[in-house]
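The values are calculated or read from the model by the stated rules, or taken from the named source; none is laboratory data. None of the values given here were measured: they were computed from a predicted structure. Here the Cβ is made from the backbone with ideal geometry for all residues, glycine too, and neighbour counts use every protein chain on show. Accessible surface areas use protein heavy atoms only, side chains included; no ligands, DNA or RNA. Shrake-Rupley method; radii C 1.70, N 1.55, O 1.52, S 1.80 Å.
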Amino acid sequence: MVSIEQEREAMFKKLQLLRSITNSHAHDKASVVLDASKYIKDLKQRVERLNQDIATAESFTGQNFPTIRVEEQEDDFLIKVFTTRNCQGLLVFILEAFEELGLEVLQATISTSDSFILEAIATRVRKQVETLSAKYFYAQT
């Protein structure tokens, strides 16, 4: 009789521990176990996303680091990016970098078969706004 009571107490303590680890507010055993199952599923998804992020970061290291060349052409820039390995999210990353630098892509050619190749002609957004403002000013006078 004492051993059954000890087993129940041990099970209750383990259930309490599981409830606290998973931040479950459930009171019955089945709901706590269900919450724990959802918690484990979420953890697995997090690990998967982190592994993808690590793989992306590793693709930028060592020999796979992109080669970038920028040539100024009158008011525009010719930007060439090459890497021997195409990696997920690289194009989005580059376009966001252009935006942060105040560049607007006028024309781009992209190849992502085995390697990643981007050739883009970009201009400063500020210059276009100044040009449009000047045209508007002269049209008003």
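Arg85 falls short of the stated requirement of being open to solvent by 100 Å² or more (accessible area, probe 1.4 Å), more than 30 Å from Ile121 (Cα to Cα) and not acidic (Asp, Glu).
Note on segment 67-116: residues that are among the small types (Gly, Ala, Ser) and assigned to a helix (DSSP H, G or I) amount to 1. Hey, among the residues in segment 94-109 that are of a type outside the set (D, E, K, R) and without any contact (Cβ under 8 Å) to a residue 12 or more places away in the chain, which one's nearest to Phe82 (Cα to Cα)? Top of the filtered list is Thr109.
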